[in-house]
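Shown next, in C-alpha cells, is the structure this report addresses.
A short reminder: the numbers here are calculations on the coordinates, not readings from a lab. Please read these numbers as outputs of a predicted model, since none were measured by experiment. Reconstructed Cβ throughout: ideal geometry from the backbone, glycine too, with neighbour counts over all protein chains shown.
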Amino acid sequence: MIALQEKIGEEWKKKEKKGSAGLLEETQRMEKLGQSLIEFCDSFQFPGETEKVEEAMGQVAELSEICQRMEEGLVPLQQQIREVFHRIVRSRTEVLELLDHAGKVSQTLM
C-alpha cells in the first residue's frame, strides 16, 4: 500500500511539474494546505504571531471546505462502486450456477 501511495505521489509531482491537471485540483490543494499547516505547527511558538495564526485559521477553514466538497463528490462514486461490486457478485453467482448446472447435465449423460 505504501509503495502505491509513493507511486501516486511521484506521478502527481511529475504532472504538477508539467503544469498538467492530472489529479483532482482538490487533492492537490489539500496537499499544499496540509504541508503549509505542518510547517506552521513545526515552527509554532507560544504566543503565536497574530498574522500567522489568522493565516493558519484561514487555511484550516479552506481545508475543511475542500474536505466537505470532496465528501459530497465521493458519495456518487461510492454508490457507483457499490453497484459495480454487486454486478460482479451477481455475475460470479450466475457463472457458478451455470457451471454447476453444466456439471450436473454432463453427469446425467454419462
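Quick notes
- Ordered by the count of other Cβ atoms within 10 Å of each Cβ, fewest first, 70, 30, 57 give 57, 70, 30.
- Spin-label model distance (nm) - residue 6 vs residue 88, 7 Å beyond Cα toward Cβ: 2.6 nm
- Secondary-structure-derived ellipticity at 222 nm for the chain, considering helices only, amounts to -31500 deg cm²/dmol, per-run term -39500 (n - 2.57) for DSSP H runs with n ≥ 4.
- Most mobile listed residue (79, 59, 68) in the chain, GNM with C-alpha springs under 10 Å: 79
- Which labelled figure in (1) 57; (2) 51; (3) 70 is percent of Cα pairs over 19 Å apart, once derived from the coordinates: (3)
- With a Förster radius of 22 Å applied to the beta-carbon distance between residue 52 and residue 13, the computed FRET efficiency rounds to 0.25.
- Counting lysine pairs in the chain whose alpha carbons fall under 21 angstrom apart, excluding pairs fewer than 8 residues apart on the same chain, gives 10.
- Net dipole in debye of region 67-110 [+1 Lys, Arg Cβ; -1 Asp, Glu Cβ; about Cα centre; nearest 20]: 60 debye
- Straightening the chain between residue 27 and residue 67 buys 13.5 nm, computed as 0.36 nm per residue apart minus the Cα-Cα spacing.
- Charged-residue dipole, Cβ positions (Lys, Arg, Asp, Glu), region 24-109 about Cα centre, Debye nearest 20: 880 debye
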